[in-house]
């Protein structure tokens, strides 16, 4: 980097010991951590060190305009420009031009270049699961360095294009979020009018012919030769998420046939985090699978209620926060016991009305899913756009 960048300097150092309180308590010198680098400009920091911490360590104070690069950690390869004088931890590399050539460099131009070559830097990193960008890789990096006026023109153009792309991403994200809320809005439209329509009220216990919790299996039982075993992560709002299904070994105490799933079963997530407990999914095909004791299988009395209706009713209650109110909480988890679930009240319109509403909500769900997929694809396309523009910019094509 020294030759290619005209003698540009890179610095590394070590964090003042956190065991020495006087290095940190009532500090006044901004201290940048790698997690604060988000391809941004830094004006404030979460932590500060003291003058003593600075003097008795290898830490250095860098001037406003210094480019910072995260060498490792969750933000590896990310950058920031100092908007203030600050020092940093050892997970960050500071990049400065030599004083005699300072007027030839635009920090934002250099930042954009680092963003452009970040995939390459990470691909050459070491550290296995935790990528680590080596300083010698940075020092050997060649940067195209046009006259300062051209650097500023490129930066202005990239700023303008990036602004438009970020606005397009925001609009696509908001549209996707609105599509995701469609089903919740439709459910509310239906269930909030239960009293107005004069529907009968019942309890989940009264419309169920069976409510059966699953069986426990832990990590030591996991086996590729085992039986698929559904867990709470497989219960999404209304449907089974089968992207990751665990298989487990059984023992003689478990009669797996008792836990097989049939089309029309409703799976209720009886134990999960406080936010997720109480969701329900509909089983849409026969499955010779088991399921966790954190799930309750409900089989309905089909002469009075549709499985689809019960699934919708439970998920509406979950969206309204009902299960958060009635659950039992302990460290990191919450649970809804069988008795509470059985006593839970739901509206029960006539079967024909249930069928009509289920068909209507199915159409809303399908439409929402199509829109969500469309906007997700648009967001992915927009994510690829700016890197492509950066590539063109540093090939002199912008």
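The values are calculated or read from the model by the stated rules, or taken from the named source; none is laboratory data. Note that the structure is predicted; figures quoted are calculated from it, not measured. So basically every Cβ, Gly included, is an ideal-geometry build from the backbone, and we count neighbours across all protein chains shown.
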Is it fair to say residue 302 is free of Cβ contacts under 8 Å to residues at least 40 places away in the same chain and assigned to a loop (DSSP other than H, G, I, E, B)?
yes
Checked the stretch 346-368 for anything in a helix (DSSP H, G or I) and exposed (fewer than 15 other Cβ atoms within 10 Å of the Cβ); matches are 351, 352, 353, 355, 356, 359, 360, 362, 363, 366, 367
Under 26 Å from residue 69 (Cα atoms) and outside any helix (DSSP H, G or I): is that true of residue 142 in this structure?
yes
Being out of contact with any helix residue (DSSP H, G or I) (no Cβ under 8 Å at 6 or more places or on another chain) and touching a residue at least 24 places away in the same chain (Cβ under 8 Å) is the filter here; which residues of the stretch 64-77 pass it?
68
Can you list residue pairs whose Cβ atoms sit under 7 Å apart, with the first residue in the stretch 383-398 being outside any helix (DSSP H, G or I) and the second being surrounded by 13 or more Cβ atoms within 10 Å (Cβ to Cβ)? Count only pairs 6 or more apart in sequence or on different chains.
394/113; 394/116; 394/144; 398/154; 398/157
Would you tally the residues in the stretch 163-214 being in contact (Cβ under 8 Å) with a residue 40 or more places away in the chain, under 36 Å from the mean Cα position of the chain (by Cα) and assigned to a helix (DSSP H, G or I)?
18
The stretch 76-90 - residue that is in contact with a strand residue (DSSP E or B) (Cβ under 6 Å, 6 or more places away or on another chain) and either closer than 23 Å to residue 119 by Cβ or not assigned by TED's automatic domain parsing to the domain that holds residue 54 (or both) and, of those, surrounded by the fewest Cβ atoms within 10 Å (Cβ to Cβ):
81
